[in-house]
1. When all alpha-carbon pairs of region 311-497 are counted, what percent fall beyond 20 Å?
2. Over region 390-499, how many pairs of lysines fall under 15 Å by alpha carbon, counting only those 8 or more apart in sequence or from different chains?
3. Bins of 5 Å, beginning at zero and ending with the bin holding the largest distance: percent of Cα pairs per bin for region 2-296, please.
4. Placing +1 at every Lys and Arg Cβ and -1 at every Asp and Glu Cβ, with all other atoms neutral, what dipole size does the chain have around its Cα centre, in debye to the nearest 20?
5. Can you sort 171, 65 by how many other beta carbons sit within 10 Å, fewest first?
6. Please report the orientation-averaged projected area of region 430-495, defined via the convex hull of its C-alpha atoms, in nm².
7. Can you check what the net charge comes to around residue 188, using other residues whose Cβ is under 10 Å from the Cβ of residue 188 (Lys, Arg +1; Asp, Glu -1)?
8. Could you list 295, 72, 360, 93 so that the one with the fewest beta carbons within 10 Å of its beta carbon is first and the one with the most is last?
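Just so you know, all these numbers are worked out from the coordinates, no wet-lab data involved. It should be emphasised that the depicted structure is a prediction, and the values quoted were computed from it without experimental measurement. Cβ placement follows ideal geometry from the backbone for every residue including glycine, while neighbour counts extend to all protein chains displayed.
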Amino acid sequence: MKYQNPIIPGFYPDPSICKANGKYYLVCSSFQYFPGVPLFESEDLINWKQIGHVLTRESQLPLERADSNGGIYAPTIRYNNGRFYMVTTNVNIDGNFYVYTDDIYGEWSDPIFVEQGGIDPSLYFEDGKTYFTSNGEADDGQQGITQCEIDIETGKKLTPSVCIYKGAGGRYIESPHLYKIGDTYYIMVAEGGTEYGHMVVYGKGKTPYGPFENYHKNPVLTNRNLGGYVIQGCGHADIVCDDNGNFWMVHLAFRQIDRWMPFHITGREVYLVPMEFDEDGWFTAGVNGITPVEIETDRLSDEIIQKIKKNESFESTAIGNEWVYIRNPHFENYEFFEDKYVLKQTPVTLSEINDSPTAICIRQCQMTGDVSCKVECEDGEAGISLYMNETHHYDLCLRKNEKGYQVVKRSCIGGVECEQNVVDMETPEDVTLQIKLDYKDYYFGAKQGDTEYNLGKLETRYLSSEVACGFTGVMFALYTYGYNGRNATFKDFGIKYEI
Ligand code: 6LW
């Protein structure tokens, strides 16, 4: 069969995977968004369905003042003795913690904190022992991949944190995972930073603490030498074995806008490549160590058809699943009906981090297509924002001011705000806001009755990760703002990707 990468498009970084009860489960980081840690399920490794989030309560996920460098970093998911564990870092409270559940469709426990620092924690279970591995500093001050054993009931450290691996020489060693395959232990990490030089490297050894001998052809996977190729930044990987004994690597990468435009707007996404072992236990990954868009494999059944999502609407999506809030939401400001979302205005704007603006966000997953929504608001403003972070967003809104009603296009780049193409409307009724996505540009428009308004375009790259920084991707945010606590109504929301 043939499949296309990414297998999960849009801002779903730092994938981690496990297998349980004949199905695969995958989690990603979520930074300043609530709920946190998107959770996916698959039966075939190719088609993934989001079944919810792991962190669904404020007690598990305080996000005060979290921005796109804050909140939840790389999670790891593991299954042991009938129980699922997810371990991650909330950098806002500077803590590594894990939660667990015995029902993957249910709630997860409150956090259990572990006193080992660094980021990208991972768990490995063997013979009643739990190994806790992260990047960061060992108890003796050494930097690298650090490991201790913990009591999985309490999170208490049972052994000192020691440095077990220093990688293959690249900068930003991160995302460690420890595996035992056959009699051999493998430590796999990412290096190069989560940018164009990103890569996956590993070593193998005879004990969980090493010493680990580096693979002599590291990096085992990278697209860093493919200048201009659409898929860049391959790294941060995890491994799973399928029912036929074949190993697969999921990893993050991103798609640049164009061959000559090294910018990406859809965040870091999830990719899948096959692995192969030689007789000495060394493995390779991808196609000659790279990740291409299309992969042909005889290891998956020809009956598997990859379904790529083209259309989204209120009916096809769910709150708390595809739709997420910015930081900890004020739930009393949201009312969701089958055919409309009613959002209550507050004075908190999208450009602030002190509080949670009234906004509900869904990821931009492809680079071409159309987004539209009918907006009703008699006061303040309400619209669709292309929201990268608090200092980089493009807003298209209907608003009331002293002159009456207007449709406005506003850009906020690096915190500098500018309004353009302000169109006066006679009434606030029946206004549909429209945004066309076309790789390097967003085109803005509005419609009232039979009259169409063209509000011009803005370049996508000013919302890209390369410009905005941070670890996230562009979201379509339905938002409202105002001083009088009025409601705004959103109807007929639709995304139509052209792919
Ligand atoms: C994450 C690190 C990384 O913790 O980026 O690409 C950081 N890898 O492993 C944030 O996603």
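1. More than 20 Å apart: 49 percent of the Cα pairs in region 311-497.
2. So the count works out to 9.
3. Cα pair-distance distribution for region 2-296, in percent: 1, 6, 13, 18, 20, 19, 14, 8, 3, 0, 0.
4. Charge dipole, the chain, about its Cα centre: 680 debye, nearest 20.
5. Fewest-to-most Cβ neighbours within 10 Å comes out as 171, 65.
6. 6.3 nm²
7. Details: positive: 204; negative: 238.
So the surrounding residues net to 0.
8. The order, fewest Cβ neighbours first, is 93, 295, 360, 72.
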